[in-house]
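Engineer: Have a look at this one before I ask anything.
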Amino acid sequence: TPGTRDTLCQDVPDAYTSCRNGARVVLNVARWVKGVPRYGASLDTYRQYMVNHEVGHKLGYGHERCPGRGRAAPVMQQQTLGLHGCAANAWPYPKGKTRYSGPVGAYDDEIPRREGGYPAR
């Protein structure tokens, strides 16, 4: 749940994202059930992205940025918060043996909230 996410992640509580904390990969059930607005792909694809992104952190990968408008988003891009011109993508190796990646870094996207401080979805 969003609240359990905040307890298990032990980071800045946001009740919205998923995380990796030590050996633990935490998937937010609200995202699993509802996905995110404007993702541009199916809920199944979003779920695959969630798992691959957080396991990517467990494997030591950091956040990446969109490599160019219209290109696939790297799996290590924080697609939950925004695609920044990229297309949704759930797979780190979409074309075989080479990991698809973008420039190292993250965007300063705000966590979606609704009135009262609770997540919008």
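Any read-out appearing in this document is the output of simple, stated calculations on the displayed coordinates, not a laboratory observation. This one's a predicted model, so the numbers in the text were calculated from it and none came from an experiment. Note that we place each Cβ from the backbone using ideal geometry, even for glycine, and neighbour counts take in every protein chain shown.
Engineer: Whose amide H sits under 5 Å from the amide H of A72, counting only residues 5 or more places off or on another chain, with H placed in the peptide plane?
Structural biologist: Those lying under 5 Å, H to H, from A72 are A87.
Engineer: Once R0 is set to 25 Å, what does the formula 1/(1 + (r/R0)^6) return for the Cβ-Cβ distance between V33 and L59, expressed as a FRET efficiency to the nearest 0.05?
Structural biologist: The computed FRET efficiency comes out at 0.45.
Engineer: Please arrange C19, C86 by counting, for each residue, the other beta carbons lying within 10 Å of its beta carbon, fewest first.
Structural biologist: Starting with the residue having the fewest Cβ neighbours, the order is C19, C86.
Engineer: Can you sort S18, S101, S42 by how many other beta carbons sit within 10 Å, fewest first?
Structural biologist: By the 10 Å Cβ count, ascending: S42, S101, S18.
Engineer: What does the charge add up to near A87, with Lys and Arg as +1, Asp and Glu as -1, over the other residues with Cβ less than 11 Å from its Cβ?
Structural biologist: +2
Engineer: For the range 93-98, what does the Karplus curve 6.51 cos²θ - 1.76 cosθ + 1.60, with θ = phi - 60°, yield as ³J(HN,Hα) per residue in whole Hz, taken in order and with x for Gly and Pro?
Structural biologist: 10, x, 10, x, 7, 9
Engineer: I want to verify a result. In a Gaussian network model of the chain, Cα cutoff 10 Å, which of these has the top mean-square fluctuation: G105, G70, G96?
Structural biologist: Among G105, G70, G96, the largest GNM mean-square fluctuation belongs to G96.
Engineer: Continuing with the same structure: Treating only the Cβ atoms of Lys and Arg (+1) and Asp and Glu (-1) as charged, compute the dipole magnitude of the chain about its Cα centre; round to the nearest 20 debye.
Structural biologist: 460
Engineer: By how many nm would the segment from S42 to W91 lengthen if fully extended, with 0.36 nm per residue of separation less the alpha-carbon distance?
Structural biologist: The span from S42 to W91 would gain 16.3 nm if fully extended.
Engineer: Considering the range 1-54, what Rg and Dmax in Å follow from its alpha-carbon atoms?
Structural biologist: When restricted to the Cα atoms of the range 1-54, Rg and Dmax are 10.9, 31 Å.
Engineer: How big is D for the chain, in µm² s⁻¹ as a whole number, if Stokes-Einstein is applied with the Kirkwood radius of its Cα pairs at 4 °C and 1.567 mPa s?
Structural biologist: This corresponds to a translational diffusion coefficient of 89 µm²/s.
Engineer: Can you work out the Karplus-derived ³J(HN,Hα) for every residue in the range 56-72? Use 6.51 cos²θ - 1.76 cosθ + 1.60 with θ = phi - 60°, whole Hz, and x for glycine or proline.
Structural biologist: Residue by residue, the range 56-72 yields x, 4, 4, 7, x, 8, x, 6, 10, 10, 4, x, x, 3, x, 7, 5 Hz.
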